[in-house]
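Asks: I am attaching a structure below and will ask some questions about it afterwards.
The values are calculated or read from the model by the stated rules, or taken from the named source; none is laboratory data. All of these numbers come straight from a predicted model, not from anything done at the bench. Every residue, glycine among them, receives a Cβ derived from its backbone with ideal geometry; neighbour counts consider all protein chains shown. In case anyone asks, the SASA skips ligands and DNA or RNA and just uses the protein heavy atoms, side chains included. Shrake-Rupley method; radii C 1.70, N 1.55, O 1.52, S 1.80 Å.
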Amino acid sequence: DVVETQEHYKSRWRSIWIMYLTMFLSSVGFSIVIMSVWPYLQEIDPTADASFLGWIIASYSIGQMVASPLFGLWSNYRPRREPLVISTAISVAANCLYAYVHVPHSHNKYYMLIARALVGFGAGNVAVVRSYIAGATSLTERTSAMANTSACQAVGFILGPVFQTCFTLIGEEGITWKLIHLQLNMYTAPVLFGALLGIINIILIFVIFREHRVDDMGRQCKSVNFEEGTEGEEGGGLDQITEGNIDHVAVVAINFLFFVILFVFAVFETIATPLTMDMYSWTRKEAVFYNGIILSVVGIESVIVFMVVKMLAKKTGERAILHGGLLIVLVGFFILLPWGKKLPNIQWQEIKNNSIPRTTPTEMLMPVWGLQAMQPQSNHTAEPVGCPVTQSWCLNTPVIYLAQYISSDILIGLGYPVCNVMSYTLYSKILGPKPQGVYMGWLTASGSGARILGPVFVSQIYTHLGPRWAFSLICGVVVVSLLLLEIVYKRLIAFSVRYGRMQE
């Protein structure tokens, strides 16, 4: 066995911290525009409808789904610096493209689609990040490292909407540099900031990141990327460690569970802005601002959960915590179902909605807590607000009170991070000490597939059938995932435990 030196230990964890940063920036690239995509899309291309919004959100995940297995395979046989730098550079270029989608005179929505797809393609480096951390940590370090990785991802989801909320101060007009056709406003400033962060990440990868690998018991291995039998003593030494077959039933089950987890969270993210605009008669700017605040608080909650779950997993194990997380998500979506008799305000486009009262967040809470409702104020804005009459369900579906919406946010913000980190941790332990680039690529691709189908599903079901159908179907999907977890529960154990090399 090769004893790990203090210098090797420090270098290994510095490299892992660079991977944390890369994960953080990947999630920022997604969340920094998630609240403003819909109003920006409406501004640059009036022909775009709510259904096309689903494709815009999904395009990010299509790019990531295609790229993840490719980058994972690349990282198994070449230095990981290569796919990391190339993928980040693609994201930087794509963010710059997004800032210019207003320039063409037609088909602007398709340029936005391409830009988001390329940002997602660059985010395929998540597979490289996860596989590196799995290979650079021992079994006892793995849960904590995966929790930290997911925490960095959650912080990215927190700060993305926070950045977006801060940039709303620039306004929709902002500043224009005619020489380079650049509009710096509340929609473009966040992506340009994301591009700057990507450039900083590339520099840090070159300066600090190094290749490291340890086995499940923490023993130092000579190289990260190897082909068994081609590296002399290294290939021979690792044959004994990696001997044994991976439990592919457990692998497929985790892929499915991870798909469900990402699916329901993608639904939650995508529907936030349209739902609040329909239910509470918020304007585009108000929806971006208020949802940015709400999701930021939920993100802070998620980071706290990641820190707590590391300690809790040592006592109860990852499987039990995953089970509890899914139950919490189920309750969160059940609460979101419409109840009561009050209907949302209707957007009558013929009269520009001038006589229809708008409801502020404070007023929405009052009927829930039994307080006297304030007198409605007339809406004098030129922007039509309320639930569009073109969505026929608006005429007969009860309003979802703000208290329901916030309660659901809190529960989903609790259950999702638990499920996310436990899925990755169990998956990496099931795979064992073999190179995990391709497998992590498939897991990331399954999550990306969920991010594709989730927004498309909810935009179609929500637009045509309404929130009652959309959230009921989500509850059904979570119930199926809980049943699957019960079936494969005993198979979700670490590779080294399965072959008797370590005790659980």
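Asks: Take the range 274-294 and flag every residue that is in contact with a Ser or Thr (Cβ under 8 Å, 6 or more places away or on another chain), assigned to a helix (DSSP H, G or I) and crowded, with 23+ Cβ neighbours inside 10 Å.
Replies: M277, Y280, A287, V288, N291, G292
Asks: So which pairs qualify, if the first residue must be in the range 382-399 and at positive phi, the second must be of a type outside the set (D, E), the Cβ gap must be under 7 Å, and the two must be at least 6 apart or on different chains?
Replies: G386/S281; G386/P344; G386/N345; G386/I346; G386/Q347; G386/N353; G386/I356
Asks: If we only count helices (runs of 4 or more DSSP H) wholly inside the range 403-504, which ones have 3 or more residues that are within 20 Å of the chain's Cα centre (by Cα) and not β-branched (V, I, T)? Talk me through it step by step, then tell me what you get.
Replies: Working: elements: 437-464, 467-488, 495-498.
Correct list: 437-464, 467-488.
Asks: Looking at the range 39-72, which of its residues are in a helix (DSSP H, G or I), more than 23 Å from T276 (Cβ to Cβ) and not small (G, A, S)?
Replies: Residues satisfying the conditions are I62, Q64, M65, V66, P69, L70, F71.
Asks: Of all residues in the range 171-218, which are open to solvent by 60 Å² or more (accessible area, probe 1.4 Å) and either of a type in the set (F, W, Y) or not assigned by the TED database to the domain that holds R116 (or both)?
Replies: Listed by number, the residues that qualify are W177, F193, F206.
Asks: While we're looking at this one, here's another question. When you scan the range 137-153, do you find a residue that is surrounded by fewer than 22 Cβ atoms within 10 Å (Cβ to Cβ) and within 24 Å of I293 (Cα to Cα), even just one?
Replies: Yes; the residues of the range 137-153 include at least one that is surrounded by fewer than 22 Cβ atoms within 10 Å (Cβ to Cβ) and within 24 Å of I293 (Cα to Cα).
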